[in-house]
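Let me begin by presenting the structure, written as structure tokens, before commenting on it.
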Amino acid sequence: MIALDSKIPDGPLPEKWERHRGRLKLVSPANKRKYNIIVVGTGLAGASGAASLAELGYNVAVFCLHDSPRRAHSIAAQGGINAAKNYANDSDNVYRLFYDTVKGGDFRSREANVFRLAQVSSAIIDHCAAQGVPFARDYGGMLVTRSFGGAQVSRTFYARGQTGQQLLLGAYGALMRQVKSGRVKLFPRREMVDLVVAEGRARGIVVRNLVTGALESYAADAVVLATGGYANVFFLSTNAVSSNVSAAWRAYHRGALFANPSFTQIHPTCIPVSGKHQAKLVLMSESLRNDGRVWVPRKGGDSRPPAEILEAERFYFLEEKYPRFGNLVPRDVASRNAKAVIDQGLGVGPTRVAVYLDFSDALAREGKRVIAERYGNLFEMYTNITAEDPYQAPMRIYPAPHYTMGGLWVDYDLMTTIPGLFAVGEVNFSDHGANRLGASALMQGLADGYFILPYTLGGYLADLAPAARDTSPKAFSDAASAAQARLEKLCAVRGRRPPQDFHRELGELLWHNCGMSRNETGLGEALQKIPEIREAFWREVSVPGSSAGCNQVLERAVRVADFLEFAELLVRDALLRKESCGGHFREESQTGEGEAQRDDTNFCYVSAWESKGPNETPEEHQEPLVFESLLLSRRSYK
Amino acid sequence: MRFTLKIWRQKDARAPGRFETHEAADVIPEMSFLEVLDLVNENLVKAGLEAITFDSDCREGICGTCCLMVNGRAHGRQHGATVCELRMRNFRDGETITVEPFRSRCFPVLKDLLIDRSIFDRIIQAGGYVSIGTGAAPDANAIPITKQDAEHAMDAAQCIGCGACVAACPNAAAMLFTSAKIAHLAALPQGRVEWRQRVLAMVEAMDRAGFGNCSNHGECEAACPKGIKLTNIAQMNRQFIFSSVFTAREKAEAS
């Protein structure tokens, strides 16, 4: 039995982080260079963490599967980043951001972690502005903000519709500066295939060089995973095509617990699926809901063009049902309601699996120039994909998998259950509970990387004598030969079906049985079918070529093989959590009005799963969630 | 729709390459060009043949990973789009489409359509950032920045580092890429502190890498999926001259 100690510091909520920082042990400046740290992943959390650690003087080795650290999927985040700056003078403060985030996550996150996140949020904006991130400004030269779902204040900072890109380029610049200083060594086009644990501590990694195909081992005093989320388990998602769960999954099999895997986020505003060919789905930023109004015709099967449908014949379902928050309800609520009206037969467009997002009122009110300034690039993206002009006719949107709140279990120091293995950004589970609010992913990634990890990792290293970068221990060769055997096994199947075939099959199964709404029968069915798909995969997959040299089909096959294992854990978790909370909606647990019905008596905990071996049933551990400051209340946005 | 694709195949960095012809049937106009390559690859893999290697990731035009010459043009002929955004409705049914990697000696081919652009990281390493450590920043509103400056910086900062400018340039110059970063930071007070060192170091890194020089063809601007302007290059050249002269004078005075 693993003891789950979240190591939440004592004291009142607002003082916990300061107290803890004051108590964390330090590594002296002269000794820092003797420690080696591995960072896997170069998105916001990985790049900012690696750069900040190097600035402190540690030796950092950075790995990414792309050709450059700048390509990580944080770059695609559009809308913005939250911070409790109160620049808008609308009564925002740290407590309010904390409260909105815990409530938005449906009371399934840790109070202490979220409070810390809200506390450091302001420093992120300061730091990014100092890096030269070109945030939007007003004519007086000050930063401007906009509103996002789940908040009644305007606290979202942005750089047109490319906030993630600009923040990531800021962190990437900081990282490049450290590469030049010699404290960061960069290893691009490397994919982690295993974690090396020796004498109970994370001691290194094995990566596959994606150009030469060779397996390479690297040793360090600590390993940081910043490898992102697993929304691609659904096959179609808004994630980049190479985003995967493999690094986290390898860590899980080496002893790191996986927390809340069933907490997945379905984003309400994506461009609907148009056919089987699609490799991924494209998101339309949540910021559009500041000015766009979501509606469907009141009458089912109404196929008139939207402009001919009179105001009285339109069902603005979010505004009618949630007058206080209107179109800016949190993502899970917006997605479920879109699904509900479509299930009632009110969907629009050729496939009838879409709702309208209409800008005509905003265009009339603000004028085309203002709207173009706010969302121009998003409108262009939409036009390019659909060949329709949102300035003329409403967009058609539908929910799609987007983000995963679940991830590796970490304590307050962001350390997993394996000493020396840290997890930052989307790959950990820590801050968003059962649903993440818009513009909070960028905030969390950068909070972890710039302002939390550099302190807590130091606290861990301070108790540890620096080790040589020695990859000769048996744990390294064991991990490498196991990984090589897995690769050879995939190449040896010589079946007839490409890996993405199985991925698509898995994704469709999950989308229908474990997507926006879940029930016992569907989940049970999925739990039975996933092993069948997995067995078919190992029998029929085609991976032409060999493991030597560059082989993208093999890369894909490795990721799909891991998704096929991981999916089972996701469904198992969803089955066990018989309550509805946030993005996890169990049909058996809803209010009379069809809203999510939480069960705080039985499920007010974090589920953390322990691997018992490749073919064994995993064991669930529970970390009870204790709310000292907030009263557990039913989430209402009405 | 159906298409004939002439695709560059090359076993590895050292092997000679050649064109290989593939047919793509059952294409619909909504498909992106890379989804057509996915389709071709699916059929190859079903037949147990090695798939065509090409780079892509976000598939929505922001990560800058995809990099193909389509009918001789970087990212194809659709204006303001990366090749992952290029839709098949831009092609004639039955057309023969030629697909090659971005061409430049500075971007060596690794396999098929996969190239090595790590040289871009090295140009940024030379100075494409503000030298500020985490924790040292003043309040974000302490330094007002005019809306025009912020917008100007953002225009240049939108560069996705794909390398289309290099591939389109007859001289294989990387000046649009380099100047975009220089212009972005020079537009902001935070970035102006180091502008002189930055322009010298980045131009030197660019030259050392073996990229050519700008001779005002403007092909880079036409090919750029993000609308980065040629005027950035003019600004970089101006800054470079000023900075060179001042630095030389300072050195002379010091000695």
Could we say that B:G135 is under 26 Å from A:N86 (Cβ atoms), more than 12 Å from the chain's Cα centre (by Cα) and not assigned by TED's automatic domain parsing to the domain that holds B:S104 here?
yes
Hey, B:E50 farther than 27 Å from A:Q166 by Cβ, more than 14 Å from chain A (Cβ to nearest Cβ) and not hydrophobic (A, V, I, L, M, F, W, C) or not
no
Within the range A:423-463, track down each residue that is within 21 Å of A:L195 (Cβ to Cβ), aromatic (F, W, Y) and buried (at least 24 other Cβ atoms within 10 Å of the Cβ).
A:F429
Some residue of the range A:285-298 being more than 19 Å from A:R374 (Cβ to Cβ), aliphatic (A, V, I, L, M) and at pLDDT 95 or above:
yes
Just to be sure before I move on: is A:A354 touching a strand residue (DSSP E or B) at 6+ places or on another chain (Cβ under 7 Å), under 30 Å from A:A251 (Cβ atoms) and aliphatic (A, V, I, L, M) in the structure I sent?
no
May I ask you to say which residue of A:R324, A:R304, A:R289 is of a type in the set (K, R), crowded, with 23+ Cβ neighbours inside 10 Å and either assigned to a loop (DSSP other than H, G, I, E, B) or in contact with a helix residue (DSSP H, G or I) (Cβ under 8 Å, 6 or more places away or on another chain) (or both)?
A:R289
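For every residue, the table says whether it meets (1) assigned by TED's automatic domain parsing to the domain that holds B:C220; (2) over 12 Å from B:V83 (Cα atoms); (3) without any contact (Cβ under 8 Å) to a residue 24 or more places away in the chain.
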site: B:R9; (1), (2), (3): no, yes, no
site: B:G17; (1), (2), (3): no, yes, no
site: B:T21; (1), (2), (3): no, yes, yes
site: B:E30; (1), (2), (3): no, yes, no
site: B:D38; (1), (2), (3): no, yes, yes
site: B:L44; (1), (2), (3): no, yes, yes
site: B:E50; (1), (2), (3): no, yes, yes
site: B:C58; (1), (2), (3): no, no, no
site: B:C66; (1), (2), (3): no, no, no
Being surrounded by fewer than 21 Cβ atoms within 10 Å (Cβ to Cβ) and outside any helix (DSSP H, G or I), is that true of even one residue in the range A:554-568?
no
Within the range A:361-371, the count of residues that are touching a residue at least 24 places away in the same chain (Cβ under 8 Å) and surrounded by fewer than 17 Cβ atoms within 10 Å (Cβ to Cβ) comes to 2
Condition met for A:I271 (hydrophobic (A, V, I, L, M, F, W, C) and under 27 Å from A:L510 (Cα atoms)):
yes
Tell me whether the range B:73-90 contains one or more residues that are in contact (Cβ under 8 Å) with a residue 24 or more places away in the chain and more than 14 Å from chain A (Cβ to nearest Cβ).
yes
Filter result for A:V241 (without any contact (Cβ under 8 Å) to a residue 40 or more places away in the chain and on the phi < 0 side of the Ramachandran plot)
yes
The lone exception for B:Q239 - which of (1) surrounded by fewer than 23 Cβ atoms within 10 Å (Cβ to Cβ); (2) touching an Asp or Glu at 6+ places or on another chain (Cβ under 6 Å) it fails
(2)
Some residue of the range A:464-482 being within 14 Å of another protein chain (Cβ to nearest Cβ) and either buried (at least 21 other Cβ atoms within 10 Å of the Cβ) or within 26 Å of A:V197 (Cβ to Cβ) (or both):
no
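With the structure loaded, tell me whether B:E194 is more than 22 Å from the chain's Cα centre (by Cα), of a type in the set (D, E, K, R) and surrounded by fewer than 14 Cβ atoms within 10 Å (Cβ to Cβ) or whether it fails that test.
No: the conditions fail for B:E194.
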Given (1) within 14 Å of another protein chain (Cβ to nearest Cβ); (2) surrounded by 24 or more Cβ atoms within 10 Å (Cβ to Cβ); (3) in a loop (DSSP other than H, G, I, E, B), where does A:H402 come up short, assuming only one miss?
(3)
Can you say whether B:R122 is over 30 Å from B:I28 (Cα atoms), of a type in the set (K, R) and within 12 Å of another protein chain (Cβ to nearest Cβ), as far as the supplied structure shows?
yes
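For (1) touching a helix residue (DSSP H, G or I) at 6+ places or on another chain (Cβ under 6 Å); (2) free of Cβ contacts under 8 Å to residues at least 40 places away in the same chain; (3) at the interface with another protein chain (Cβ under 7 Å from one of its Cβ atoms), each residue gets a yes or a no:
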site: B:T134; (1), (2), (3): yes, yes, yes
site: B:A137; (1), (2), (3): yes, yes, yes
site: B:A142; (1), (2), (3): no, yes, no
site: B:T146; (1), (2), (3): no, yes, yes
site: B:A150; (1), (2), (3): no, yes, yes
site: B:A153; (1), (2), (3): yes, yes, yes
site: B:I160; (1), (2), (3): no, no, no
site: B:A168; (1), (2), (3): yes, no, no
site: B:A174; (1), (2), (3): yes, no, no
Matching residues, the range A:534-553, being in contact with a helix residue (DSSP H, G or I) (Cβ under 9 Å, 6 or more places away or on another chain), crowded, with 17+ Cβ neighbours inside 10 Å and not charged (D, E, K, R):
A:F537, A:V541, A:S542, A:V543, A:P544, A:G545, A:S547, A:N551, A:Q552, A:V553
Out of all the residues in the range A:154-169, which are assigned to a helix (DSSP H, G or I) and either free of Cβ contacts under 8 Å to residues at least 40 places away in the same chain or aliphatic (A, V, I, L, M) (or both)?
A:Q166, A:L167, A:L168, A:L169
Mind counting the residues in the range A:152-169 that are of a type in the set (K, R) and more than 7 Å from chain B (Cβ to nearest Cβ)?
1
Has the range A:145-158 got at least one residue that is surrounded by fewer than 24 Cβ atoms within 10 Å (Cβ to Cβ), among the β-branched types (V, I, T) and within 23 Å of A:K638 (Cα to Cα)?
yes
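Tell me yes or no: at least one residue of the range A:407-415 is under 18 Å from A:S285 (Cβ atoms), in contact with a helix residue (DSSP H, G or I) (Cβ under 6 Å, 6 or more places away or on another chain), among the hydrophobic types (A, V, I, L, M, F, W, C) and crowded, with 24+ Cβ neighbours inside 10 Å.
No - not one qualifying residue is present in the range A:407-415.
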Wholly within the range A:36-151, helices (runs of 4 or more DSSP H) carrying at least 3 residues that are within 12 Å of another protein chain (Cβ to nearest Cβ), touching a strand residue (DSSP E or B) at 6+ places or on another chain (Cβ under 9 Å) and modelled with pLDDT of 95 or more
A:44-56, A:111-131
Report, by residue number, each residue of the range A:170-214 that is among the basic types (K, R), touching a residue at least 12 places away in the same chain (Cβ under 8 Å) and within 10 Å of chain B (Cβ to nearest Cβ).
A:R177, A:R189
Has the range B:14-30 got any residue that is touching a helix residue (DSSP H, G or I) at 6+ places or on another chain (Cβ under 6 Å) and under 30 Å from B:G218 (Cβ atoms)?
no
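The values are calculated or read from the model by the stated rules, or taken from the named source; none is laboratory data. Values in this document were obtained by computation on a predicted structure and should not be read as measured data. Counting neighbours? That spans all protein chains shown, and the Cβs are built from the backbone with ideal geometry, glycine included.
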